[in-house]
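The values are calculated or read from the model by the stated rules, or taken from the named source; none is laboratory data. Note that this is a predicted model, so its numbers are computed, not measured. For neighbour counting, all protein chains shown are included, and Cβ atoms are generated from backbone atoms with ideal geometry for every residue, glycine included. Protein only, heavy atoms only, side chains kept; ligands, DNA and RNA dropped before computing areas. Shrake-Rupley method; radii C 1.70, N 1.55, O 1.52, S 1.80 Å.
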Amino acid sequence: MEIDLVFKIAAVGIIVSILNQVLSRSGREEQATMTTLAGLVVVLMIVAQKISELFDLVKTLFRF
Amino acid sequence: MTQILQVFSVAMLATVIITLLNKQSKDIAALLSIAVVGMILLCSVRTMQSIISFLTELEKTAGLDPEMMKIMLKIVGIAITAQLSALICSDNGNGAFGKAIQIYASVMILWQSLPLLRSFLELLQKILGEI
């Protein structure tokens, strides 16, 4: 669980930035922005899931 | 011991990757830092479960009010999460968010401990009244 998550997010980040540069160099600025946004949304969903898991655990542990 | 070393190495690896991603896309770097903080907190919270069950055992043998234990645990939880979220916000350049979160957390902690403080005040009044 631990190292996989870090590598996944890092891989998504690197791929998104490479695609961004390729698309903006070949002139398609809007598609570049769209891929950046899509990558951001994907990573945000993964992180939000993990953070909600963490907050559930904190809630049960600290007797909220 | 393996888990401890894994956590340290994941943190250092993530720092390097975040420095790399900062040049290209600062947004995903910020998300990665949030994810790593969340993961490390998850690992520590899982170990905290056994520590807190030991604390409840202690409190049972000492005969303390269980309400006090609950309030203390809530306060510790609020403090830890608030400090970490504040640091994450100021790491990504929003120092004002961090400060606002800290103020909010102190107000919440005071609000949680109000019943304790009230019963302490009543105890004081009783003692002073008897004098």
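Quick look at the numbers
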| quantity | calculated |
| --- | --- |
| Any hit, segment B:56-74, residues being among the small types (Gly, Ala, Ser), outside any helix (DSSP H, G or I) and either touching a helix residue (DSSP H, G or I) at 6+ places or on another chain (Cβ under 6 Å) or at pLDDT below 90 (or both) | yes |
| Single match in B:GLN125, B:GLN102 (criterion: at pLDDT 90 or above, open to solvent by 50 Å² or more (accessible area, probe 1.4 Å), within 15 Å of the chain's Cα centre (by Cα) and not hydroxyl-bearing (Ser, Thr, Tyr)) | B:GLN102 |
| Meets criteria (open to solvent by less than 40 Å² (accessible area, probe 1.4 Å), within 14 Å of chain A (Cβ to nearest Cβ) and at pLDDT 85 or above) for B:ILE88 | yes |
| Residue check for B:ARG46: touching a helix residue (DSSP H, G or I) at 6+ places or on another chain (Cβ under 9 Å), assigned to a helix (DSSP H, G or I) and more than 28 Å from A:SER17 (Cα to Cα) | yes |
| B:ILE17 being surrounded by 11 or more Cβ atoms within 10 Å (Cβ to Cβ), touching a Leu at 6+ places or on another chain (Cβ under 8 Å) and facing chain A (nearest Cβ under 9 Å) | yes |
| Enumeration of residues in segment B:48-74 that are closer than 15 Å to A:LEU61 by Cα and basic (Lys, Arg) | B:LYS70, B:LYS74 |
| Count of residues meeting criterion [farther than 17 Å from B:ASP91 by Cβ and modelled with pLDDT under 85] in segment B:1-41 | 4 |
| Test set (1) part of a helix (DSSP H, G or I); (2) open to solvent by 30 Å² or more (accessible area, probe 1.4 Å) - A:ARG63 fails condition number | (1) |
| Residue within segment A:36-55 that is of a type in the set (Phe, Trp, Tyr), at the interface with chain B (Cβ under 7 Å from one of its Cβ atoms) and closer than 30 Å to B:LYS74 by Cα present | no |
| Per-region count, segment B:33-55, residues open to solvent by less than 40 Å² (accessible area, probe 1.4 Å) and either facing chain A (nearest Cβ under 7 Å) or within 16 Å of A:LYS8 (Cβ to Cβ) (or both) | 9 |
